[in-house]
Amino acid sequence: MSSKTFDSFCDQVCASIRWPPAQRLAREELTAHLEDHAAALEENVRKLRAIEHRSMETAARLLGKEVQGC
């Protein structure tokens, strides 16, 4: 899931590392960390949207209305 932003950030970080093998390892580790964090954030957004939808359904049911647009 590497993105242009991740690549740019990794370029900046790895520019200060002189030894090419260490640059490669640092890039791999940093990219993996960023991808894991991004996936966790996406999962949180998915969960929050599901909670929001259920909340709207509950409120609508209590008010005796149907939920539109969800």
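Helix 4-14 versus the longest principal axis of the chain: what angle, 0 to 90°, nearest 10, using Cα atoms?
Taking Cα atoms only, the helix is inclined about 40 degrees.
Quick check: net charge around Glu43, other residues with Cβ under 14 Å of its Cβ, Lys/Arg +1 and Asp/Glu -1?
0
Quick one, which of (1) 3, 14, 22, 17, 14, 11, 7, 5, 4, 3, 0; (2) 3, 15, 16, 12, 10, 7, 8, 7, 7, 6, 5, 3, 1, 0; (3) 3, 14, 17, 19, 21, 17, 7, 3, 1, 0 is the actual P(r) over Cα pairs in 5 Å bins from 0, in percent calculated for this model?
Comparing each candidate, only (2) matches the computed number.
Quick one: pull the percent of accessible area on the chain belonging to carbon and sulfur, 1.4 Å probe, ligands and nucleic acids left out.
In the chain, the share of accessible area belonging to carbon and sulfur is 57 percent.
Just the number please: accessible area per residue for the chain, 1.4 Å probe, all protein chains included, in Å².
Numbers: 5900 Å² over 70 residues.
On a per-residue basis, 84 Å².
Using a simple spin-label model with points 7 Å from Cα along the Cα→Cβ vector, what separation in nm is obtained for Arg49 and Arg61?
2.2
Could you give the length gained on full extension between Arg24 and Gln12, defined as 0.36 nm per residue of separation minus the Cα-Cα distance, in nm?
Length gained, Arg24 through Gln12: 3.0 nm.
Relative to the Cα centre, what is the charge dipole magnitude of the range 1-53, using +1 at the beta carbon of each Lys and Arg, -1 at the beta carbon of each Asp and Glu, and rounding to the nearest 20 debye?
Values: 7 positive and 9 negative charges, 19 e Å.
Around 80 debye, computed over the range 1-53.
The values are calculated or read from the model by the stated rules, or taken from the named source; none is laboratory data. What you see is a predicted model, and the numbers here were worked out from it, not measured in a lab. Ideal geometry is used to build each Cβ from the backbone, glycine not excepted, and the neighbour counts take in all protein chains shown. With ligands, DNA and RNA removed, areas are computed over all heavy atoms of the protein, side chains included. Shrake-Rupley method; radii C 1.70, N 1.55, O 1.52, S 1.80 Å.
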